[in-house]
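Undergrad: Take this structure first; my questions come after.
All of the numbers you see were taken from the coordinates with simple rules; none came from a lab. Being a predicted model, the structure only gives us computed values, none of them experimental. Ideal geometry is used to build each Cβ from the backbone, glycine not excepted, and the neighbour counts take in all protein chains shown.
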Amino acid sequence: MVLMAAIVLVATACEGGGGGGGATTSGGPTQTPTQTPTPTSTPTVTFEVWFGYGEFLFVTQRTQPSTSRVGTAAMEALLAGPSTEERAAGIGTSIPRGTELLGLSIAGGIATVNLTDAFASGGGSLSMFSRLAQLTYTLTQFPTVRGVDLELDGTPVEVFSGEGIILDRPMTRRSYRDRLPPILVRSPAVGEEVSSPIRVSGTANVFEATVSISVLDALGHEVVGTFAQATCGSGCRGTYSEAVSYTVDHSQPGTVRVYESSAEDGQPINVVDIPVILTA
């Protein structure tokens, strides 16, 4: 009996120290494990940048870490130009390479942007109007900006470039509304990884307000064809939005094609192709 009692005491001693659930270090006190705080995501801001597609404007987006100087960020993205992927999709810019931002201020609803004189170099009248439109549409996306005044190397501009373009003061979206394409696609974005259904949206001024939509697979074959009805058309610009369902057997590059069907022969006109990644 004495031997059995000794065995019980030894076993009890070997199991001791674990009841609190803490980690024990040799020769030290019991320690409670600490949890590493879960890192929080960095706040971001998303804004529009207006480039060109053919002779018309094209809108895309940029997302970056949040900043209080979002107007400056948008201008810097505009001057940086389209990404490699966007250029491959036919998106360009009329703003000359080497144009630099010298300053941006906003007061009384007017954004005064100061650029280097390179902004007025090269190109004909179409290029000049296009770059002014890109600038104006990019800055007037913000609710605090209703118009834009331009300075070059610190000097206010009233007559722009050797083309003798007389600027509205301030320039507004109305000044360059003829630069908007018959069909403007806001979503999806170039290179976006999409899943079914794809939200296709934008604005349009097309016959009977009918916007045609096709989803093409990697071989260019139509996976699905449908249409969206804009809120206005045949002489006025309206918004459109359509959820387009598709099916592919494996994920692959694809294209969202948005266009107008000709009233004369039904052929696609005013075509906008957005390359995407179709997920299965």
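Undergrad: Using θ = phi - 60° and the Karplus curve 6.51 cos²θ - 1.76 cosθ + 1.60, what whole-Hz ³J(HN,Hα) does each residue of segment 106-113 get, with Gly and Pro shown as x?
TA: Values, residue by residue: 10, 8, x, x, 10, 8, 9, 10 Hz.
Undergrad: Quick one: Karplus J couplings for segment 58-64, per residue in order, coefficients 6.51, -1.76, 1.60, θ = phi - 60°, nearest Hz, x for Gly and Pro?
TA: Going residue by residue, I get 9, 9, 9, 10, 10, 10, 8 Hz, with x marking Gly and Pro.
Undergrad: In the chain, what percentage of the DSSP-assigned beta bridges are antiparallel, given to the nearest 5?
TA: Antiparallel bridges: around 90 percent, rounded to the nearest 5.
Undergrad: How large are Rg and Dmax for segment 44-179 when calculated on the C-alpha trace, in angstrom?
TA: So, for segment 44-179, Rg and Dmax equal 13.8, 41 Å respectively.
Undergrad: I'd like the FRET efficiency for Gln64 and Ala263, computed as 1/(1 + (r/R0)^6) with the beta carbon distance as r and R0 of 41 Å, rounded to 0.05.
TA: Taking R0 as 41 Å, the efficiency between Gln64 and Ala263 is 0.45.
Undergrad: Nearest 10 degrees is fine. How inclined is helix 2-15 to the longest principal axis of the chain, computing both from alpha carbons?
TA: 20
Undergrad: Let me ask something else. Please give the charge dipole size of the chain, origin at the Cα centre, charges +1 on K and R Cβ atoms and -1 on D and E Cβ atoms. Round to the nearest 20 debye.
TA: So the magnitude is around 680 debye.
Undergrad: Would you work out the relative contact order for the chain, in percent, from Cα pairs under 8 angstrom that are 6 or more residues apart?
TA: About 13 percent, as a whole number.
Undergrad: So what is the calculated 222 nm ellipticity per residue for the chain, using -39500 (n - 2.57) for each DSSP H run with n of 4 or more, over all residues, to the nearest 500 deg cm²/dmol?
TA: Mean residue ellipticity, 222 nm, calculated: -5000 deg cm²/dmol.
Undergrad: Right, something else. Counting Lys and Arg as +1 and Asp and Glu as -1, each charge on the Cβ, what is the dipole of segment 183-278 about the Cα centre in debye, to the nearest 20?
TA: Dipole size: approximately 340 debye.
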